[in-house]
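Notes for the one structure printed next.
FYI, it's all coordinate maths here, none of it is from the lab. All of these numbers come straight from a predicted model, not from anything done at the bench. Glycine also receives a Cβ, built like all others from the backbone with ideal geometry; neighbour counts cover every protein chain displayed.
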Amino acid sequence: MKNSIPGVAAAVVLLAAFGPSAVSAAPATITGPTALAVAAVVAQYSPVLNPGERKIIAGLFDGNTRMSYPIRTLSVGADTVMCRVSNVAIADRSCEIVFKKGKRSLKGRAANEVFATLSLAGVAAEGAAGSMIENVSKLSCTLDLGKIRQNDGSGADCSWESGK
């Protein structure tokens with residue numbers, strides 16, 4: 001297989017002109033178990049959800065689909081989620097989740113859980129001055145409890161924009 005020098009050169013020029021974040025700024029959508037994980041780690045801090053809704057989502061994330069809950073759709077959203085892990089001060093990790101009705105600042109294990117879950121969902125960390133930063137905006141997850149109960153892989157959907 002021959003490498004096309006003009007083709008490689010064009011790719012390098014495009015990457016240099018637009019940077020790697022031009023691709024990461026595109027909207028992303030995930031479904032299934034990873035979407036449930038993203039929804040669950042954000043839902044526990046949401047001031048928009050009531051305690052019963054947070055308990056249902058936490059139970060589903062713990063694998064309990066047989067608990068008693070009304071069959072309906074729950075929405076989990078955040079205006080922005082920004083997580084930072086230091087690659088110099090290796091014990092430092094933090095996240096800030098901004099909701100329509102307030103924000104939550106996380107540190108340590110809780111921040112790591114959000115950072116790792118976003119990584120699992122395909123959010124790319126960008127490096128800056130000794131830190132790895134994951135940043136998403138317009139996070140919107142929908143959990144259809146009836147479909148999740150069917151155990152066929154459906155019922156959880158999330159979308160967001162990265163790199164903003």
Tail fraction, Cα-Cα pairs, segment 105-164, threshold 16 Å, whole percent: 58
Ranked packing of 100-113, 71-84, most packed first, by mean Cβ within 10 Å: 71-84, 100-113
Set 107/138; 103/138; 55/138 screened for pairs whose C-alpha atoms are more than 20 Å apart: 107/138; 55/138
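Counting pairwise Cα distances across segment 32-162, what percent come out greater than 21 angstrom?
Values: 3265 of 8515 pairs.
The answer is 38 percent, as a whole percent.
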